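The values are calculated or read from the model by the stated rules, or taken from the named source; none is laboratory data. Since we're looking at a predicted model, the values are computed, not measured. Neighbour counts run over all protein chains shown; Cβ positions are idealised from the backbone, glycine included.
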Amino acid sequence: MTKVAKVTLFFWVMKICATTLGETAGDLLSMTMSVGYAISSLVLIGCFLLSLVAQLRSRRYHPILYWTVILTTSTAGTTMSDFMDRTLGLGYANGSLILVGCLAVVLVVWRLVEGTLSVDRIETTRAELFYWIAILFSNTLGTALGDFLADSSGLGFLGGALLIGGLIALTALAYWLTRINRVLLFWIAFVLTRPFGATFGDLLTKPLAKGGLNFGTIGSSVILGAILATFVIYTSTMERRLARTESLGES
């Protein structure tokens with residue numbers, strides 16, 4: 001039995017909510033609470049490892065646990081990227097290039113070891129480890145790329161979000177209208193949804209003078225957390241009903 005979420009429209013909506021929440025929650029800890037990027041990264045990496053251990057020990061798919069791990073990779077990725085780009089002084093462009101290389105290495109090794117990058121059925125601990133490492137790097141990359149688009153490219157928060165949103169739309173069209181490898185399209189979409197969440201998170205939190213909507217990190221985190229929780233509960237309920245229906249049909 002696979003231990004990860006099925007890739008549906010709801011999956012992508014929740015992924016964007018989780019990555020946007022990761023951006024606002026990471027900034028809440030590192031910036032609003034003045035904890036700093038280094039300490040915040042350590043704290044959030046610790047949260048990621050704890051949730052990952054629980055996920056790996058689980059014998060089946062648990063929606064709340066799964067999306068908790070997604071959320072912790074996103075929050076940890078936010079502060080890790082900021083630490084690389086700002087504290088270490090690598091800059092958004094260099095940080096993005098380094099993370100692209102790291103993600104590429106993970107995917108290549110995963111492909112060589114497992115023979116596939118498909119996420120339709122993640123059944124072994126080794127495949128699941130590759131899956132979560134790739135997600136952690138993709139979410140960290142997304143933060144750096146989103147910050148680059150919003151701050152360094154001249155597009156601004158709204159322009160960056162619109163650009164990434166357009167690329168996501170093109171990827172969706174490629175899925176429906178072409179025969180491009182579905183696994184490749186999945187990982188392209190997965191990477192793109194993170195910078196979309198990063199730029200959208202900045203759009204929500206930053207002040208009006210900087211092109212944002214001025215909801216703040218606390219308000220934005222609360223709103224996004226509520227939306228994500230609603231979708232997780234809804235999809236979990238629907239999946240349980242479907243499972244009961246199939247069980248009754250078989251009996």
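Some observations on this one:
- Looking at V109, V113, just one residue is modelled with pLDDT of 90 or more, exposed (fewer than 13 other Cβ atoms within 10 Å of the Cβ) and over 19 Å from the mean Cα position of the chain (by Cα), and that residue is V113.
- Of the helices (runs of 4 or more DSSP H) lying entirely inside the range 1-107, the ones with 2 or more residues being out of contact with any strand residue (DSSP E or B) (no Cβ under 9 Å at 6 or more places or on another chain) and charged (D, E, K, R) are found at 9-27.
- Any pair with Cβ under 8 angstrom, 6 or more apart, that starts in the range 1-14 at a residue that is within 16 Å of E128 (Cβ to Cβ) and ends at one that is in a loop (DSSP other than H, G, I, E, B) and among the hydroxyl-bearing types (S, T, Y): M1/Y61; T2/Y61; K3/S58; K3/Y61; V4/Y61; A5/Y61
- Against the numbered list (1) in a helix (DSSP H, G or I); (2) of a type in the set (A, V, I, L, M); (3) crowded, with 19+ Cβ neighbours inside 10 Å, V119 comes up short only at (1).
- Filter pass, G197 being part of a helix (DSSP H, G or I), over 18 Å from V13 (Cα atoms) and at pLDDT below 75: no
- From the options A169, A144, A161, residue that is surrounded by fewer than 23 Cβ atoms within 10 Å (Cβ to Cβ), among the aliphatic types (A, V, I, L, M) and on the phi < 0 side of the Ramachandran plot: A169
- A25 meets all of the listed conditions (1) surrounded by fewer than 16 Cβ atoms within 10 Å (Cβ to Cβ); (2) at pLDDT below 85; (3) closer than 20 Å to I233 by Cβ; (4) not hydroxyl-bearing (S, T, Y) but one, namely (1).
- Some residue of the range 96-104 being closer than 24 Å to A144 by Cα and at pLDDT below 85: yes
- Just one of the numbered conditions (1) under 17 Å from the mean Cα position of the chain (by Cα); (2) farther than 22 Å from W12 by Cβ is not true of W187: (2).
- Check on E128, touching a Lys or Arg at 6+ places or on another chain (Cβ under 9 Å) and modelled with pLDDT of 85 or more: yes
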